[in-house]
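First comes the structure, then the notes that go with it.
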Amino acid sequence: MNRIQKAEKKMKINIGISEEHREAIANELSKVLADSYMLYLKTHNYHWNVTGELFHSLHEQFEEQYTELAEAIDEIAERIRSLGYRAPGTFKEFNELTSIEEDTEEPEALEMVRRLALGNEQVLRTARHALQPANDGEDEATVDLLTQRLDVHSKTAWMLRSHLE
């Protein structure tokens with residue numbers, strides 16, 4: 001089957017959101033997905049490699065956080081797909097879209113906490129930026145998803161910052 005035949009077989013999406021709005025929303029959600037995935041990787045890495053007096057409590061806290069992020073990543077990707085667009089899913093794509101830096105060193109436990117707090121704040125900013133096209137397109141499902149993400153990352157950032165006070 002050639003490309004034209006595939007395009008003819010593809011069902012037109014008619015969910016009450018224009019193609020222009022769906023594309024803008026999917027583009028911003030792709031950035032949220034990339035940031036969430038990079039934060040997931042960082043959190044999982046820290047879960048495996050944290051040491052010191054705070055090992056047990058941080059090891060457990062990081063596990064809760066990366067488990068929640070794994071579920072969120074799936075929801076975000078599925079929302080992009082439901083809008084009719086391909087969800088990014090490769091490291092190359094995530095690296096191009098993310099605003100979260102990958103760690104190339106092994107920080108101490110409290111530095112891990114600080115970096116994860118900053119990462120959660122970055123996801124908050126990215127998600128907040130994605131709200132505008134979702135609101136413009138009257139896409140309540142995406143607004144709801146992003147509102148949930150804002151709540152989770154706000155609370156997580158606060159809990160992580162509390163370790164540093």
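The values are calculated or read from the model by the stated rules, or taken from the named source; none is laboratory data. Since this is a predicted model, take the numbers as computed values, not measurements. Positions of Cβ are generated from backbone atoms using ideal geometry, with glycine treated the same way; all protein chains shown enter the neighbour counts.
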Checklist line | Filtered residues of region 133-146 (kept if of a type outside the set (Gly, Ala, Ser), in contact (Cβ under 8 Å) with a residue 12 or more places away in the chain and either surrounded by fewer than 16 Cβ atoms within 10 Å (Cβ to Cβ) or touching a Cys at 6+ places or on another chain (Cβ under 7 Å) (or both)) | finding: ASP136, GLU138
Checklist line | Flag for ARG149 being surrounded by 16 or more Cβ atoms within 10 Å (Cβ to Cβ) and within 30 Å of LEU54 (Cβ to Cβ) | finding: yes
Next item on the list: Kindly list, by first and then second residue, each pair from a residue in region 35-60 that is among the acidic types (Asp, Glu) to a residue that is surrounded by 12 or more Cβ atoms within 10 Å (Cβ to Cβ) and modelled with pLDDT of 95 or more, limited to pairs with Cβ atoms under 7 Å and residues at least 6 apart or on different chains.
Entry: ASP35/THR98; ASP35/SER99; ASP35/ILE100; ASP35/GLN122; ASP35/VAL123; ASP35/THR126
Next item on the list: Identify all residues within region 95-123 that are touching a helix residue (DSSP H, G or I) at 6+ places or on another chain (Cβ under 9 Å) and modelled with pLDDT under 95; write none if there are none.
Entry: GLU101, GLU102, ASP103, GLU106
Check: Restricting region 17-50 to residues that are out of contact with any Asp or Glu (no Cβ under 8 Å at 6 or more places or on another chain) and not in a helix (DSSP H, G or I), which is modelled with the highest pLDDT?
Finding: VAL50
